[in-house]
Amino acid sequence: MSSPLRWLAPLLLLPLATPSAHGQDTPAYEVFAGAAYAREDINNGKVVNGKLEDRYINAIGWHASATGNANSWIGAVFDFSGVFSNPRITLGGLTPVATVNTSTFNYLFGPRFTYRHMSHITPFAEALFGPSQFRFTSSDLGITNIISATAFASALGGGVDVPLNRHIALRVIHADYILTRFRELGIDTTTGLPTFNGQRRTQNNLRASAGVVFHFGTK
């Protein structure tokens with residue numbers, strides 16, 4: 001997989017753009033709600049005839065955050081997202097045999113840096129940390145109870161807001177590279193059911209979202 005930081009670089013450099021003559025008011029609090037897309041690294045892919053299969057899944061869902069601003073350029077953000085997918089998996093690289101219902105929830109917190117000296121756009125960058133939970137079931141495989149695992153996650157990214165007025169802005173893009181450290185899927189020797197008891201590995205995930213931002217108060 002090519003480095004996801006390569007396409008996030010323009011977002012992180014936006015605060016260096018030339019400022020306009022008029023800045024923006026700084027809201028005391030910002031609340032974001034929108035739709036999300038994620039490209040998730042499931043890390044259990046197999047190489048078949050030189051081709052990596054079943055490595056990534058595409059998921060869609062929701063993304064929300066609440067930010068408290070200390071001043072015009074730095075704030076603390078609580079970031080939450082949930083994405084869902086129903087991929088067809090293969091066993092041994094053969095014909096797809098089962099549908100798996102997956103969900104991933106991220107609960108992240110960290111600093112956000114915002115540049116408010118342009119009148120028409122508000123770029124920001126952030127570094128977030130917290131737990132990530134992955135869940136799945138599959139009636140095709142007889143797995144009706146949720147199998148889940150929780151791991152540490154860190155996110156690096158940013159985005160661009162377009163102010164409509166003092167109280168509302170459109171978040172036209174919000175993109176993050178999210179690193180997680182889940183264990184590989186294995187079999188519980190006691191119950192005979194799948195569980196995340198294998199070697200701990202690194203997953204490289206991407207998340208993109210867009211939506212509406214509501215501003216409250218001023219600093």
- [ ] Using amide H atoms built 1.01 Å from N in the peptide plane, name the residues 5+ places from Thr26, or on other chains, whose amide H lies under 5 Å from its own.
- [x] Lys219
TODO: Name all residues of region 140-180 having a backbone nitrogen under 13 Å from the label point set 7 Å from the Cα of Thr218 along its Cα→Cβ direction, giving them as ranges.
DONE: 166-167
Open item on the list: Can you work out the Karplus-derived ³J(HN,Hα) for every residue in region 73-86? Use 6.51 cos²θ - 1.76 cosθ + 1.60 with θ = phi - 60°, whole Hz, and x for glycine or proline.
Closed with: 10, 9, x, 10, 10, 9, 10, 10, 8, x, 10, 9, 8, 10
TODO: Kindly provide log₁₀ I(q)/I(0) values, in the same order as q = 0.19, 0.21 Å⁻¹, from the Debye equation applied to equal alpha-carbon scatterers of region 67-219.
DONE: -1.15, -1.34
- [ ] Within 10 Å of each residue's Cβ, count the other Cβ atoms and sort Ile74, Ile121, Ile42 from fewest upward.
- [x] Ile74, Ile121, Ile42
- [ ] Starting at the first residue of region 185-197, write each ³J(HN,Hα) from the Karplus equation 6.51 cos²θ - 1.76 cosθ + 1.60 with θ = phi - 60°, in whole Hz, x for Gly and Pro.
- [x] 6, x, 10, 6, 5, 7, 9, x, 9, x, 7, 8, 10
Task: At q = 0.13, 0.26, 0.31 Å⁻¹, base-10 log of I(q)/I(0) for region 105-162 (Debye sum, equal scatterers on each alpha carbon) - done: -0.54, -0.97, -1.12
Open item on the list: Rounded to the nearest 20 debye, what is the charge dipole size of region 52-188 about its Cα centre when +1 sits on each Lys and Arg Cβ and -1 on each Asp and Glu Cβ?
Closed with: 380 debye
TODO: Could you tell me the largest-minus-smallest coordinate of the C-alpha atoms of region 134-197 on each of the three principal axes, in descending order and whole angstroms?
DONE: 59, 24, 16
TODO: Mind listing the long-range amide H neighbours of Phe196? Cut-off is under 5 Å, sequence gap 5 or more, other chains count too, H placed in the peptide plane at 1.01 Å from N.
DONE: Gly186
Open item on the list: Under 8 Å for C-alpha pairs, at least 6 residues apart: give me the relative contact order for region 112-219, rounded to a whole percent.
Closed with: 22 percent
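None of the figures in this text is laboratory data; all of them are computed from the coordinates on show. This structure is a prediction, so every number in the text was calculated from the model and none was measured. Heads up, the Cβs are rebuilt from the backbone with ideal geometry, glycines too, and the neighbour counts pull from every protein chain shown.
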